[in-house]
1. Here are some residues: Met110, Met63. Which one is in a loop (DSSP other than H, G, I, E, B) and either in contact with a helix residue (DSSP H, G or I) (Cβ under 6 Å, 6 or more places away or on another chain) or at pLDDT 90 or above (or both)?
2. Which pairs have Cβ atoms under 7 Å, sit 6 or more apart or on different chains, and link a residue in segment 83-94 that is closer than 22 Å to Arg107 by Cβ to one that is surrounded by fewer than 16 Cβ atoms within 10 Å (Cβ to Cβ) and of a type in the set (D, E, K, R)?
3. Tell me yes or no: at least one residue of segment 13-28 is of a type outside the set (A, V, I, L, M), in a helix (DSSP H, G or I), closer than 25 Å to Ile127 by Cα and over 20 Å from the mean Cα position of the chain (by Cα).
4. If I filter segment 81-107 down to residues being of a type in the set (A, V, I, L, M) and part of a strand (DSSP E or B), which single residue comes out as surrounded by the most Cβ atoms within 10 Å (Cβ to Cβ)?
5. Identify the single condition in (1) of a type in the set (A, V, I, L, M, F, W, C); (2) surrounded by 11 or more Cβ atoms within 10 Å (Cβ to Cβ); (3) modelled with pLDDT of 90 or more; (4) closer than 25 Å to Glu131 by Cα that Ala56 does not satisfy, given that it satisfies every other one.
6. Hey, can you tell me all the residues within segment 113-127 that are surrounded by fewer than 19 Cβ atoms within 10 Å (Cβ to Cβ), assigned to a strand (DSSP E or B) and not basic (Lys, Arg)?
7. Of (1) of a type in the set (A, V, I, L, M, F, W, C); (2) more than 12 Å from Gly43 (Cα to Cα); (3) in contact with a strand residue (DSSP E or B) (Cβ under 8 Å, 6 or more places away or on another chain), Val88 satisfies all except one. Which?
Amino acid sequence: MGYGQMLLVMLAVVLFSSIILTTQNNLFTLAQSAYRAMIAMQGYKIADRFLQEIEALNISGKMSFDNIYNNFRFTDSLITINDIHYFVTSTTNWCNQYGGSPTDTLRNYMRADIQVNGVMGTDTTRIGTPEAPITNIYGKTGQ
């Protein structure tokens, strides 16, 4: 094997190894994105579960509107699914029918805000933030 052929083999090895490393790095990035999307989707489902619980209590009349407000006023929960910890924070506030500050003393509308933090290892995925929580507005059903 001559000097030129050895040089071509060395260049081929370098090129091949750089292609393998780049492919492996891209696959790792893609897997991380898929895991984050899975955590975000599960976090949205958890938030929806809390919002549906409030709605069910309101519609069924099993709990008064004021009691629903007090029970979900400031709650912190921990839900673990497949070794992923979801920290759920819910708050409720009296509001008008548009979600803004109430202009009267009637308590006919309530806004529920949910924040979920999915923690896997050292990585945290936030679903809803204090500035932009997952929000739903409920009206008093008269029961």
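1. Details: Met110 fails: in a loop (DSSP other than H, G, I, E, B).
Selected residue: Met63, the only one of Met110, Met63 that is in a loop (DSSP other than H, G, I, E, B) and either in contact with a helix residue (DSSP H, G or I) (Cβ under 6 Å, 6 or more places away or on another chain) or at pLDDT 90 or above (or both).
2. From residues that are closer than 22 Å to Arg107 by Cβ, the pairs are Thr91/Arg73; Thr92/Arg73; Trp94/Arg107.
3. Yes, segment 13-28 contains a residue that is of a type outside the set (A, V, I, L, M), in a helix (DSSP H, G or I), closer than 25 Å to Ile127 by Cα and over 20 Å from the mean Cα position of the chain (by Cα).
4. So, considering only residues that are of a type in the set (A, V, I, L, M) and part of a strand (DSSP E or B), the one surrounded by the most Cβ atoms within 10 Å (Cβ to Cβ) is Val88.
5. All conditions are met except number (4).
6. Once the filter is applied, which keeps residues that are surrounded by fewer than 19 Cβ atoms within 10 Å (Cβ to Cβ), assigned to a strand (DSSP E or B) and not basic (Lys, Arg), segment 113-127 yields Asn117, Val119, Met120, Asp123, Thr124.
7. The single condition Val88 does not satisfy is (2).
Table: residues versus (1) touching a Leu at 6+ places or on another chain (Cβ under 8 Å); (2) charged (D, E, K, R).
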| residue | (1), (2) |
| --- | --- |
| Thr89 | no, no |
| Gly99 | no, no |
| Asp104 | no, yes |
| Asn108 | no, no |
| Asn117 | no, no |
| Thr124 | no, no |
| Asn136 | yes, no |
| Gly139 | no, no |
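The values are calculated or read from the model by the stated rules, or taken from the named source; none is laboratory data. Every value quoted in this text rests on a predicted model; they were computed, and no experiment measured them. When we count neighbours, we look across all protein chains shown, and the Cβ atoms used for this are built from the backbone with ideal geometry, even at glycine.
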